1. So which residues in segment 168-206 are surrounded by fewer than 24 Cβ atoms within 10 Å (Cβ to Cβ), in contact (Cβ under 8 Å) with a residue 60 or more places away in the chain and in a loop (DSSP other than H, G, I, E, B), if there are any at all?
2. List the pairs whose first member sits in segment 26-40 and is free of Cβ contacts under 8 Å to residues at least 40 places away in the same chain, whose second member is assigned to a strand (DSSP E or B) and surrounded by fewer than 24 Cβ atoms within 10 Å (Cβ to Cβ), and whose Cβ atoms are under 6 Å apart, counting only residues at least 6 apart or on separate chains?
3. For segment 54-68, check the following and say yes or no: at least one residue is buried (at least 24 other Cβ atoms within 10 Å of the Cβ) and closer than 21 Å to ARG298 by Cβ.
4. Among the listed residues ALA155, ALA127, ALA82, which satisfies the condition of being of a type in the set (A, V, I, L, M), at pLDDT 95 or above and in the same structural domain as PRO15 (by TED's automatic domain parsing)?
5. What residue, among those in segment 23-35 that are under 16 Å from GLU255 (Cα atoms) and among the aliphatic types (A, V, I, L, M), is surrounded by the most Cβ atoms within 10 Å (Cβ to Cβ)?
6. Out of contact with any helix residue (DSSP H, G or I) (no Cβ under 6 Å at 6 or more places or on another chain), more than 27 Å from SER301 (Cβ to Cβ), modelled with pLDDT under 80 and among the β-branched types (Val, Ile, Thr) - does that describe any residue in segment 172-190?
7. From the set of residues in segment 101-130 that are aliphatic (A, V, I, L, M) and in contact (Cβ under 8 Å) with a residue 60 or more places away in the chain, which is farthest from SER218 (Cα to Cα)?
8. Could you check segment 121-157 and list, in sequence order, the residues that are within 18 Å of the chain's Cα centre (by Cα) and charged (D, E, K, R)?
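The values are calculated or read from the model by the stated rules, or taken from the named source; none is laboratory data. Everything quoted here is computed from the prediction, not taken from an experiment. Here the Cβ is made from the backbone with ideal geometry for all residues, glycine too, and neighbour counts use every protein chain on show.
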Amino acid sequence: MMIITTMQDAIGRTPVFKFTNKDYPIPINSAIYAKLEHLNPGGSVKDRLGQYLIEEGFKTGKITSKTTIIEPTAGNTGIALALVAIKHHLKTIFVVPEKFSTEKQQIMRALGAKVINTPTSEGISGAIKKSKELAESIPDSYLPLQFENPNNPAAYYHTLAPEIVQELGAGLTSFVAGIGSGGTFAGTARYLKERIPNIRLIGVEPEGSILNGGEPGSHEIEGIGVEFIPPFFANLDIDGFETISDEEGFSYTRELAKKNGLLVGSSSGAAFVAALKEVQRLPEGSQVLTIFPDVADRYLSKGIYS
């Protein structure tokens, strides 16, 4: 039994779920492995980032006991930062576009954060702009700015990726994962590529994202999809992008709950669809890794199970 004194102590060491042809159209002797990051205490992979950003902030002197942390977020990074901030008694302010789930915003407030909304039409760019304005006007504030901060991919390079290699070894064929800020994908992919040079890297995005050359537009899948190319992708040799529709993502989110008891968000459903497509085009015996980033209960108002 593990005994902890703060919820921060429970971050990481998440299990891996193995999918075979028992329930899904996966070739014989092939498998899909999903790292269950929704089982982190804050309900998402971003717990690792929140912990890393605050720890690095203290190490570099950017954060003191009197600092107010400000961040633009779709929700999960805010929840993670708020969770870790409790241990250090830090104030937190998060700027969230109105379109993102009310559950995430309620959880941030429950953890003691102040939430400020920006218009949906301005997207995450509007939230970034507002956060920078707040940081300039609030003394002793710190704006990690996950979309530009190299500590974003570093958090996963130093925590998530080593766990994956320790658990699954060097036999992985492909890494397939969603892209939002790009940190989880870039940090994990870079670590894996250093140790498994032939591994394929496949990014997952919703329709309405721009990575696959499509036109920018709206989508209901939360947590992935970009309005601009993440800066962390420089010198990262990505083999391709898989664009997933809202219908596909939601359908497989429901399927994962009914067949496997996995209550995950729609970005996990999208990642699983993409992993299925990848394993089906690879030779028998291939091993595909994906990430299930967050938990389902923060999207119930979005009707993912309707």
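1. GLY171, LEU172, THR173
2. none
3. Of the residues in segment 54-68, the ones buried (at least 24 other Cβ atoms within 10 Å of the Cβ) are 54.
Still in the list and also closer than 21 Å to ARG298 by Cβ: none.
No, segment 54-68 contains no residue that is buried (at least 24 other Cβ atoms within 10 Å of the Cβ) and closer than 21 Å to ARG298 by Cβ.
4. Details: ALA127 fails: in the same structural domain as PRO15 (by TED's automatic domain parsing); ALA82 fails: in the same structural domain as PRO15 (by TED's automatic domain parsing).
The unique qualifying residue is ALA155.
5. ALA34
6. no
7. Pass one, segment 101-130, residues aliphatic (A, V, I, L, M): 107-108, 110-111, 113, 115-116, 124, 127-128.
Okay, now just the ones that are also in contact (Cβ under 8 Å) with a residue 60 or more places away in the chain, so 107, 124.
Details: ILE107: 24, ILE124: 12 Å.
Within segment 101-130, the match that is farthest from SER218 (Cα to Cα) is ILE107.
8. GLU148
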